[in-house]
Amino acid sequence: MSATSAAGEFVLKATGHVARRQFYSRASRWVLFAATMLAVVILAYLTYDVIRLGWDRLNMDFLTSYPSRRAEQAGLRSSLLGWSWLMGAVIVLAVPLAIGSAVFIEEFAPRNWFTELVRVNITNLAGVPSIIYGILGLAVFVRGFEVFGVTVFPQLGPTILAGALTLTLMILPMTIIASVEAIRQVPPSIRDGSLALGATQWQTVWHHILPGAMPGIMTGVILALARAAGETAALIMIGAFAFIAFDNTGLNQSFTTVPIQIYNWTILPQEAFRANAAAGIIVLMVLVFGLNLIAVIIRERFRRKF
């Protein structure tokens, strides 16, 4: 740093390594800002292009019609119902299991090499491609799993339940990691104060730790459910159909989903199906935003209470 005097005033000016660090700091800020704005502009353009192409196709008939070989008669009814059944089952299966696993790992499990190995493997599983989970779901849930002639898991076939179990395995690592980190962010003084006042460890977790960690947990749930809502590869691998002309009424039925129907329309040669695919993308975005909005409301409610 150098100092100069002019009319009794001192001016400090960075020199040498300090000046270079300040320059790099200012430059990195603008580089990161430019990268963010580039991503936002690209996303905005893609959103505009999809809405422009598919908006005219959106109507009640499109939402209530079954798939068809004719683009003007094709709709999303069966895929919407299949998607709703699938996501409902995934939420019921994945969220309690992920939160319970995170609570056990962070609050009740002993600190030893085995639990550390479990943590590392959960982190590694979060980066496994979805197609691998599709292969696992096909081998275990769809075809059944036997060991030495003993049935470990029954054969479910390409049903909604098999798809829900596959997606549950896919999003569990991400949700567990987010939940563990959220639980760690709760101040230790809250645990110590609750235990000092005579509360049991479970009472401390239920009444203090979980409410405090819920905003972070719901953030992880939002990201995981968004991934499951748009999943295609794993479901195609387990045998989800692209053409379903009936309403799903149970978990043991064949199914299709909105992402699979969109994929099927995009590979058809007729240009008219491109508008159907764009309209399906709009519907899927609205559905995902709806799930995210519910999770955000729950997160903010717990945040205000805590």
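The values are calculated or read from the model by the stated rules, or taken from the named source; none is laboratory data. All of these numbers come straight from a predicted model, not from anything done at the bench. Glycine also receives a Cβ, built like all others from the backbone with ideal geometry; neighbour counts cover every protein chain displayed. Just the protein is used for accessible areas: all its heavy atoms, side chains included, with ligands, DNA and RNA removed. Shrake-Rupley method; radii C 1.70, N 1.55, O 1.52, S 1.80 Å.
What to note about this one:
- Here the label points at M37 and L293, each 7 Å from Cα along the C-beta direction, are separated by 3.1 nm in the simple model.
- DSSP H segments from the chain that extend 20 Å or more along their own axis, Cα-based, with Kyte-Doolittle mean of 0.5 or above: 16-54, 77-103, 160-184, 210-229, 272-305
- Computed from point charges on the beta carbon alone (+1 for Lys and Arg, -1 for Asp and Glu), the dipole magnitude for the range 115-246 about its Cα centre is near 60 Debye.
- Note on the chain: with charges restricted to the Cβ of Lys and Arg (+1) and Asp and Glu (-1), its dipole about the Cα centre is near 760 debye.
- Of the residues W206, W83, W30, ranked by 1.4 Å probe accessible area with the largest first, the sequence reads W30, W206, W83.
- Nearest-10 value in Å² for the accessible area of S189, using the 1.4 Å probe: 80 Å²
- Whole-number percent relative contact order across the chain, with pairs defined as alpha carbons under 8 Å at least 6 apart: 24 percent
- Which labelled figure in (i) 202; (ii) 124; (iii) 259 is volume of the Cα convex hull per residue in Å³, once derived from the coordinates: (iii)
- Positive minus negative residues near P173 (Lys, Arg vs Asp, Glu; Cβ under 12 Å): +2
- A cut-off of 5 Å between modelled amide H atoms, ignoring neighbours fewer than 5 places along the same chain, links L251 with no other residue.
- Only DSSP H runs of four or more residues enter the estimate; each adds -39500 (n - 2.57), and after division by the residues of the chain the mean residue ellipticity at 222 nm equals -21500 deg cm²/dmol.
- Applying 0.36 nm per residue to the separation of T47 and W202 and subtracting their alpha-carbon distance, the gain on full extension is 51.2 nm.
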